[in-house]
Number of protein chains: 2
Amino acid sequence: MEGSQPMDGEDHHMKDADRPKGLEHGAANGAGTHEASPGSEEGSFDEETDMDPDSLALEQSRRRGLLPTGVCYDVRMKMHMNADFSPGAHHPEDPRRVHEIFEAFKRTGLIYTGPEEDAARILKEVPTRYMWRIPVRMATREEICLAHSADHLAWVEKIEKLSTAELRELTKRYDQGRESLYVGAMSHTVARLSAGGAIETCKNVAGGVVKNAFAVIRPPGHHAEYDHPMGFCFFNNVPVAVRVCQKEYPETCRKVLILDWDVHHGNGVQNIFYDDPNVLYISLHVYQNGQFYPGQPPNPMTPDGGIEHCGMGMGLGRNVNIGWHDQGMGDGEYMAAFQKIVMPIAQEFNPDLVVISAGFDAADGDELGGCFVTPPCYAHMTHMLMSLADGRVAVCLEGGYNLRAISNSAVAVAKTLMGEPPPKMEVPKINKEAARMLAKVQAHQAPYWECMRQGIVDVPRTQSLGGERLHDVIRSAQRQVLQAKHNMTPLYVQRQHLYKSFENQVLVTPDLDRARKIMVIIHDPPELLAQPDAIDTSLEPHNAWLVDGVTDYIDWAVKHGFGVMDINIPGYITQEEDTDAFIPVSKERELEQQIQSLVCYLWDNYIQLYQADDLFILGRISGVVSFVNGNLRAVKSSIDEQLSAWYKENSRVFVAADHACWTDHELTRRIHKRRFGTVVRSQDVGLSKMMRAHADDAHDWILQRVRSSESGGDTTEEEEESGNMNS
Amino acid sequence: MEGSQPMDGEDHHMKDADRPKGLEHGAANGAGTHEASPGSEEGSFDEETDMDPDSLALEQSRRRGLLPTGVCYDVRMKMHMNADFSPGAHHPEDPRRVHEIFEAFKRTGLIYTGPEEDAARILKEVPTRYMWRIPVRMATREEICLAHSADHLAWVEKIEKLSTAELRELTKRYDQGRESLYVGAMSHTVARLSAGGAIETCKNVAGGVVKNAFAVIRPPGHHAEYDHPMGFCFFNNVPVAVRVCQKEYPETCRKVLILDWDVHHGNGVQNIFYDDPNVLYISLHVYQNGQFYPGQPPNPMTPDGGIEHCGMGMGLGRNVNIGWHDQGMGDGEYMAAFQKIVMPIAQEFNPDLVVISAGFDAADGDELGGCFVTPPCYAHMTHMLMSLADGRVAVCLEGGYNLRAISNSAVAVAKTLMGEPPPKMEVPKINKEAARMLAKVQAHQAPYWECMRQGIVDVPRTQSLGGERLHDVIRSAQRQVLQAKHNMTPLYVQRQHLYKSFENQVLVTPDLDRARKIMVIIHDPPELLAQPDAIDTSLEPHNAWLVDGVTDYIDWAVKHGFGVMDINIPGYITQEEDTDAFIPVSKERELEQQIQSLVCYLWDNYIQLYQADDLFILGRISGVVSFVNGNLRAVKSSIDEQLSAWYKENSRVFVAADHACWTDHELTRRIHKRRFGTVVRSQDVGLSKMMRAHADDAHDWILQRVRSSESGGDTTEEEEESGNMNS
């Protein structure tokens, strides 16, 4: 079982494929004979004689660098194919996938292709020059059942007994929706070979026969669940192999890291090990808020790939999901994920064996994945993982469907395994949303990993000390300033659920109800910039800055005789059960609704009852003078058809310089429609900066309009509502 | 010049040492013959025939992993020794250093030691099995002058002409203070050999003759300045070698990273390249606020090793100092520095060549360095650097004085260069001060490196938007609350320099001057915990928490009829020119003085004039009830000898559970002296937590004392001053 044997190209194997089963030919002439087995721990590389104890300690792990890299492949794995040959039935999980990768290994000289009679000698003399072939065998039933139910195994075995017509029927039933599976006459055999290949590969690495190894296997495994097949997968190869290694090497292979860089989340691996403290599963995948495959499971659970899934029971913290918000990720994002999350956690876990669930569908060129990871980046990720577990890395193929992309990526990985330095690489800038997602992963993992704790607020502990969310404090300070300056006071808001955060949110100047000109300012809380302590997140208040663009506008308005209503829209409403470090989307929606009803309440009970001749609304939410850094909102009404026209006439909407509407041709055309108002391109980016830059502009425009309405003309009340409120 | 040649052990070289000079024997029988030269770009490993264009692109860098690792050594480098043989003159830069390392390489089988007649064949057949010997030669004058002045070269050359008596005299003159240099008859020759060894090593790596290489050379170089020797160093080997490579390979070796992990700062390297955009110098060293060697230069500049030195002119950002606050650093700190600073910056720089200035005096066992870096950690750092520059890494020995530690460390590095996986390693937890220093390095480098910008406030930009430091905002909010609750008002502080930050710092209850019982509360600003955005450091106020332990105490005091004076001590005083992201130490001292005069002012003008029978001072600075998380302060007076006794009698000093005084035997004994008051060990850590936990305790104690003084007894005014104020 421990044998690995130098093999030539594929032809030799073709003959072996005729053998009945078992495939022990590798063991038969390779194993047991230590001369041929390059990696036995007491190998032939020990030429030291008298060493001092320190050097001996250093030498204890021997020179694993002199061991060869293994490769596991068998042509029979091409024989799993779709029984449905109809033209539309072509499937991305194509039998050529493994063939192409193996051919690329040969073409780039990673596998010996010279005369067979020289093979043994050359491979023995220079063991690290070529990859050593690890023979494939079928996984046993016992092995499969280490990660699957007996029922599931029986279901797969039964495929062998089906007629072609029945196979086609089965494919039609399964090859859609979340199951996404095709079957053929050989599917069971090949699935067993694929799992067996993973087992032999991991065992040769864990047992120290080879330095590291690459299993070129199919069908893939990581979607297969304990009790059902899924996503092109029958048996979950990697979990089966990991459990076999843990069983056979209980002392030296206790803790295993499974790193899954397939672009899809490995739901099966996650679920099989979800409460296992000895298997750390880290997956990098496209999540798209649960929309990307494999997405939402049938029962009412949340999608498996969400970053909030950290394992359970003894396995808490042993599941790390790095789920990208979208496709389009590339080297910058993957390198950052490795530096900030994967490697620190992996080092703290300190595994005995690393298995890479290596799909290459995040590779540049794979249309299903839509990402841009280059071969050099795969090399760098491999190189980093090789620093773990004394270099014991086993790579098992999962998905990846562009034949050229998977070959090039696999070659880059294999070369790195063989000791080739990873190629020089310009790492692109990271996508900002991706960086934010990584920060959230850190927050989710902070309870379980020391290395993730730096810079993360421990919210429950903070609450227990009577901590108060800062936005309440800041608003209270603003109230103090506005009270002292302009005698402004809070407006009483009678609401069914009067949350603490609404207490100081609406401030008004005295006698607002008698003002002739009113300015309503609707704004976000002031911008805060902060530099907390790297370790305990404590913040010296002098290392934090508050940037408030609103007060200047209020000063100006009061000076010009306006009555002012200042509405602060909190980003979060402080509640009784208040333990979130980050606000989940669901709560954001809830907040939006509450704010809408607050604004409606103010409109109904105050603003529309006032006597003012002129009413200006200044705000980000909507309104006459508007500063837009995010979404542009339309103002239209199904009742009042003139509203959009009025809005166009009576608005100044300043839009940030870097807003997509200025670069996207189609958007530029659209925003000049009436319902978006009179849109002005700002030279600046960021609300505070924009408000400062356009203060004079906005003030002049407002004064002009006041004068024009005061100097006769129509004295109709100017009013507007946000598109949001009407829709 | 391109030749590198398989060499056996040291004996062979001993004979060569007799040759006049130049040492071209390596070139003579090794270079030019491509069969023997393993690394020529058009080497003999090209067995591909028909490859598709993609694979060809992948293959462009060939298989550099099949090239050998080089080693450069020459026994003559042992011949630089101290001309002063007197017993006390033994020097840590001992000739045995290089010998021991080379012996360790042989002992661990990294260098071929078999029969000489087989050497050529074996090394050709298995080029990666042993290190290939790179012959040493003397650096030419032209080469030396690429990094040094002609005057300096002449000074070193003159050593050769001195008599032994003169050499001893010279040693006596130089071997002290910052210069720290000894000389001997062979010093010039050996210094030239050492530089020549560095040159040949770097050239063989940059030119692709070897995969990577290790130069076992001495004397070291990194302290040597452009125009003078220093710190055991005559010529600065690495800069000389780097300049030679840049000159000889202008296309392929333009950008060079010098990574200096010697425990001392490489002042010479920094200064030589300080304005050079093509050489990135990153140094990890013990800084100790400039006290550690090489420390303060003679002219009134700041110590070279400070983290604020980022290069100048075109070289801005090309100098990265990671200066530890103290000795005692180890694997945790070095791994963190690599993950957080070194590798991100190095990847963004994307060098063509990496040179490690490899002192091993941060190694566990080196008494001069006092750090604890283990051989596995050196292996991991080497492994990470090998991911850069297509693996072109040249290691040049610098310092390191424990013979066993340097040998073991060098073997770990050499094995890693040869492709050995770095050993498994438990990474210890990082020292908190070290982590804070890394965060400060990030802030200093943020203007120059995209990867350093995440999470760093751009202070000048923030100021330009009218940003206000948050502590003023928070104090304003506190004032609002205390005004509403207890009618407290700010006390007018007439000061020559009335800074904005002092405006709201002192709040008092009405009629304080007539109160019978007064509580003076001196406290820091409330604790803030924050989670800013990972990218732009903006902080949603609802993701920040304010933890204030003081208000409860005020509520309690008012309820019990105390008059209250609440003094908030800001951590920073907002000033006109206000551009610091982190507050430098000099400003902290200034602040401390201002606070002292504020407290004195309050004492003189208010507190001592009040009529109260009982005066309690509650504070962190000093006083009757004190919560100590940081330094314990003594209260004593040179005038009033009874003060310490009074303090012991009339104080409760709660000290954090993790304070050193509880574990350090000597400290425990000392803190029970009178001048530290009555010290109580808290079960908690952190001021807010402690104040909460001991509230009842403190309240009871205060009430007891009020009752005891009210119920007759002595009604003497209880007063105290801090040791700080008196000294």
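The values are calculated or read from the model by the stated rules, or taken from the named source; none is laboratory data. As the structure is a prediction and not an experimental result, all values here were calculated from the model. No Cβ is skipped: glycine too gets one built from the backbone with ideal geometry, and neighbour counts run over all protein chains shown. Calculation scope for accessible area: heavy atoms of the full protein, side chains included, ligands and nucleic acids excluded. Shrake-Rupley method; radii C 1.70, N 1.55, O 1.52, S 1.80 Å.
Looking only at the range A:290-317, count how many residues are over 22 Å from A:F232 (Cα atoms) and touching a Phe, Trp or Tyr at 6+ places or on another chain (Cβ under 7 Å).
So the count comes out to 6.
Can you report the number of residues in the range A:432-448 which are assigned to a loop (DSSP other than H, G, I, E, B), surrounded by 17 or more Cβ atoms within 10 Å (Cβ to Cβ) and not hydroxyl-bearing (S, T, Y)?
Pass one, the range A:432-448, residues assigned to a loop (DSSP other than H, G, I, E, B): A:446-448.
Filter once more, keeping what is surrounded by 17 or more Cβ atoms within 10 Å (Cβ to Cβ): A:446, A:448.
Restricting the remaining residues to those that are not hydroxyl-bearing (S, T, Y) gives A:446.
Going through the range A:432-448 one residue at a time, the tally reaches 1.
Can you say whether B:R243 is over 18 Å from B:G197 (Cβ atoms) and among the basic types (K, R), as far as the supplied structure shows?
Values: over 18 Å from B:G197 (Cβ atoms): no; among the basic types (K, R): yes.
Criteria not met by B:R243.
Any residue that is farther than 20 Å from B:A191 by Cα, open to solvent by less than 10 Å² (accessible area, probe 1.4 Å), small (G, A, S) and part of a strand (DSSP E or B) - is there at least one of those in the range B:391-398?
In the first step, residues of the range B:391-398 are kept if they are farther than 20 Å from B:A191 by Cα; the result is B:391-393.
Okay, now just the ones that are also open to solvent by less than 10 Å² (accessible area, probe 1.4 Å), so B:391, B:393.
With small (G, A, S) added as a condition, the list becomes B:391.
Of the ones still in play, those that are also part of a strand (DSSP E or B) are none.
No, that holds for no residue.
If you scan the range A:390-412, which residues turn out to be of a type in the set (A, V, I, L, M) and within 10 Å of chain B (Cβ to nearest Cβ)?
Step one: of the range A:390-412, the residues of a type in the set (A, V, I, L, M) are A:393-395, A:397, A:403, A:405-406, A:410-412.
Of everything in the range A:390-412, those that are of a type in the set (A, V, I, L, M) and within 10 Å of chain B (Cβ to nearest Cβ) turn out to be A:V393, A:A405, A:V411, A:A412.
Listed here are the residues, each with its yes/no results for (1) surrounded by 24 or more Cβ atoms within 10 Å (Cβ to Cβ); (2) more than 20 Å from A:Y401 (Cα to Cα); (3) out of contact with any Pro (no Cβ under 9 Å at 6 or more places or on another chain).
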position: A:E200; (1), (2), (3): yes, yes, no
position: A:V205; (1), (2), (3): yes, yes, yes
position: A:V210; (1), (2), (3): yes, yes, no
position: A:R218; (1), (2), (3): yes, no, no
position: A:E225; (1), (2), (3): no, yes, yes
position: A:F234; (1), (2), (3): yes, no, no
position: A:R243; (1), (2), (3): no, yes, yes
position: A:E248; (1), (2), (3): no, yes, yes
position: A:E251; (1), (2), (3): no, yes, yes
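Can you give me the number of residues within the range A:332-374 that are charged (D, E, K, R) and at the interface with another protein chain (Cβ under 10 Å from one of its Cβ atoms)? Can you show your working first?
Here is the first cut: in the range A:332-374, the ones charged (D, E, K, R) are A:333, A:340, A:348, A:352, A:361, A:364, A:366-367.
Retained after the next criterion (residues that are at the interface with another protein chain (Cβ under 10 Å from one of its Cβ atoms)): A:340, A:348, A:352.
Within the range A:332-374, residues that are charged (D, E, K, R) and at the interface with another protein chain (Cβ under 10 Å from one of its Cβ atoms) number 3.
Could you please find all residues in the range A:149-163 being out of contact with any helix residue (DSSP H, G or I) (no Cβ under 9 Å at 6 or more places or on another chain) and under 16 Å from A:L181 (Cα atoms)?
A:W155
In the range B:434-460, what residues are facing another protein chain (nearest Cβ under 9 Å) and not hydrophobic (A, V, I, L, M, F, W, C)?
B:R436, B:K440, B:Q442, B:E450, B:Q454, B:G455, B:D458
Would a scan of the range A:375-389 turn up a residue that is farther than 23 Å from A:D352 by Cα, crowded, with 24+ Cβ neighbours inside 10 Å and facing another protein chain (nearest Cβ under 9 Å)? It would help to see each step written out before you state the result.
Within the range A:375-389, the first condition is being farther than 23 Å from A:D352 by Cα, and the residues that meet it are A:375-377.
Restricting the remaining residues to those that are crowded, with 24+ Cβ neighbours inside 10 Å gives A:375, A:377.
Filter again for facing another protein chain (nearest Cβ under 9 Å), leaving A:375.
There is at least one residue in the range A:375-389 that is farther than 23 Å from A:D352 by Cα, crowded, with 24+ Cβ neighbours inside 10 Å and facing another protein chain (nearest Cβ under 9 Å).
Please verify whether the range B:423-433 includes one or more residues that are more than 30 Å from B:V459 (Cα to Cα) and more than 24 Å from the chain's Cα centre (by Cα). If you could, list the steps in order and put the result at the bottom.
Keep residues of the range B:423-433 that are more than 30 Å from B:V459 (Cα to Cα), which gives B:423-429.
Cutting the leftovers down to more than 24 Å from the chain's Cα centre (by Cα) gives us B:423-424.
Checked against the condition, which is being more than 30 Å from B:V459 (Cα to Cα) and more than 24 Å from the chain's Cα centre (by Cα), the range B:423-433 yields at least one hit.
Just wondering, is there one or more residues in the range A:76-93 that are modelled with pLDDT of 95 or more, closer than 21 Å to A:L193 by Cβ, under 35 Å from the mean Cα position of the chain (by Cα) and of a type outside the set (K, R)?
Within the range A:76-93 (the criterion being modelled with pLDDT of 95 or more, closer than 21 Å to A:L193 by Cβ, under 35 Å from the mean Cα position of the chain (by Cα) and of a type outside the set (K, R)), the answer is no, since none of the residues qualifies.
Which one of these is basic (K, R), crowded, with 23+ Cβ neighbours inside 10 Å and at the interface with chain A (Cβ under 9 Å from one of its Cβ atoms): B:K424, B:K429, B:K415? Before you say what the answer is, go through the steps one by one.
Working: B:K424 fails: crowded, with 23+ Cβ neighbours inside 10 Å; B:K429 fails: crowded, with 23+ Cβ neighbours inside 10 Å.
The conditions single out B:K415.
Filter the range A:273-304 down to the residues that are open to solvent by 20 Å² or more (accessible area, probe 1.4 Å) and either of a type in the set (A, V, I, L, M) or not in a loop (DSSP other than H, G, I, E, B) (or both) and list them by number. Break it down into steps so the answer makes sense when it comes.
Within the range A:273-304, the subset open to solvent by 20 Å² or more (accessible area, probe 1.4 Å) is A:274-278, A:287-289, A:291-293, A:296, A:298-302.
A:Q288, A:N289, A:M301, listed by residue number.
Evaluate the following for A:R479: is it in contact with a Leu (Cβ under 7 Å, 6 or more places away or on another chain), within 9 Å of chain B (Cβ to nearest Cβ) and open to solvent by 10 Å² or more (accessible area, probe 1.4 Å)? Outline the logic, then answer.
On the way: in contact with a Leu (Cβ under 7 Å, 6 or more places away or on another chain): yes; within 9 Å of chain B (Cβ to nearest Cβ): yes; open to solvent by 10 Å² or more (accessible area, probe 1.4 Å): yes.
Taking the combined requirement at face value, the residue satisfies it.
For B:I307, only one of the following conditions fails: (1) open to solvent by 10 Å² or more (accessible area, probe 1.4 Å); (2) away from every other protein chain (no Cβ under 14 Å). What is its number?
(2)
Got at least one residue in the range A:171-188 being acidic (D, E) and surrounded by fewer than 19 Cβ atoms within 10 Å (Cβ to Cβ)? Talk me through it step by step, then tell me what you get.
Here is the first cut: in the range A:171-188, the ones acidic (D, E) are A:175, A:179.
With surrounded by fewer than 19 Cβ atoms within 10 Å (Cβ to Cβ) added as a condition, the list becomes A:175, A:179.
The answer is yes, given that some residue of the range A:171-188 is acidic (D, E) and surrounded by fewer than 19 Cβ atoms within 10 Å (Cβ to Cβ).
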